[in-house]
Amino acid sequence: MKKVMLALILLAVVTVAAVPLSANAEDLSAAQQKILKSTGVPVYPGSTYTTGDNEIATVLWFSTTDSPDKIMAWYEKKLSGWSVLVLNGSKVLYKGPKGMVAKDLSSKPYIFAEAKHEIPDDTEVEITIRIPK
C-alpha cells in the first residue's frame, strides 16, 4: 500500500491546503462540488471530508471505516465506464482507456482507497479523489 501511495504522490507533487478535519462531505466548496459533479464522481456514503484542493489538481480526501475493497467496489459500480489499474495489489480507478500505466494517470481523474494504520487498532481508510485542472 505504501508503494501505491508513493507512486501516486510522485504523479501529483502537490501542495495541499488543509481544511477542518471534522468537515462533512456537504462542506465542500461550491467549486469542489461543481468539479465532482462535472466529472461524475460521487462522494462515498458516510465518508468524512478531510482536506482538498491545490494548484494543479483538485485533490479531495475523505475518511471512512469501510474497507478499501468495499469502497473500490462501490466506485467501480458507480463509475462503470472508468478503468482499473492494479498497483501492488491495490486498485486505482481512473477515467481513461484501459491499459494505462501509473505514470500516465497525472492527466486523468482517479480514485483510490488506502487503509491508514498510524496506530495498531486504527481502522480508518482514506479515499483520494484527484481531478486535474
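The values are calculated or read from the model by the stated rules, or taken from the named source; none is laboratory data. Note that the structure is predicted; figures quoted are calculated from it, not measured. All Cβ positions, even for glycine, are placed from backbone atoms using ideal geometry, and neighbour counts span all protein chains on display.
Taking G81 as the residue in question, decide whether it is loosely packed, with under 13 Cβ neighbours inside 10 Å and on the phi > 0 side of the Ramachandran plot.
no
Tell me yes or no: at least one residue of segment 85-94 is touching a Ser or Thr at 6+ places or on another chain (Cβ under 8 Å), over 17 Å from T50 (Cβ atoms) and modelled with pLDDT of 90 or more. If you could, list the steps in order and put the result at the bottom.
Filtering segment 85-94 down to residues touching a Ser or Thr at 6+ places or on another chain (Cβ under 8 Å) leaves 93-94.
Now drop any that are not over 17 Å from T50 (Cβ atoms), which leaves 93-94.
After this cut, where a residue has to be modelled with pLDDT of 90 or more as well, the list is 93-94.
Taking every residue of segment 85-94 in turn, at least one turns out to be touching a Ser or Thr at 6+ places or on another chain (Cβ under 8 Å), over 17 Å from T50 (Cβ atoms) and modelled with pLDDT of 90 or more.
Looking at (1) hydroxyl-bearing (S, T, Y); (2) buried (at least 19 other Cβ atoms within 10 Å of the Cβ); (3) over 14 Å from I129 (Cα atoms), can you tell me which one T65 breaks?
All conditions pass for T65, except number (2).
Find the residue count for segment 27-36, including only residues that are out of contact with any Phe, Trp or Tyr (no Cβ under 8 Å at 6 or more places or on another chain) and either under 16 Å from T128 (Cα atoms) or at pLDDT 90 or above (or both). Show your work before the answer.
So in segment 27-36, the residues out of contact with any Phe, Trp or Tyr (no Cβ under 8 Å at 6 or more places or on another chain) come out as 29-36.
Imposing the further condition that a residue be either under 16 Å from T128 (Cα atoms) or at pLDDT 90 or above (or both) reduces the set to 32-33, 35-36.
Residues that pass the stated criteria total 4.
With among the acidic types (D, E) and not in a helix (DSSP H, G or I) as the only criterion, which of E76, E114 stands out?
On the way: E76 fails: not in a helix (DSSP H, G or I).
Unique residue meeting the criteria: E114.
I need a count of the residues in segment 60-73 that are assigned to a helix (DSSP H, G or I) and closer than 15 Å to V41 by Cβ. It would help to see each step written out before you state the result.
The initial filter retains those residues of segment 60-73 that are assigned to a helix (DSSP H, G or I), namely 68-73.
In the following step, the residues that additionally are closer than 15 Å to V41 by Cβ were identified as 71-72.
The total comes to 2.
If K3 passes every condition in (1) at pLDDT 80 or above; (2) surrounded by fewer than 16 Cβ atoms within 10 Å (Cβ to Cβ); (3) assigned to a helix (DSSP H, G or I) but one, which one does it miss?
(1)
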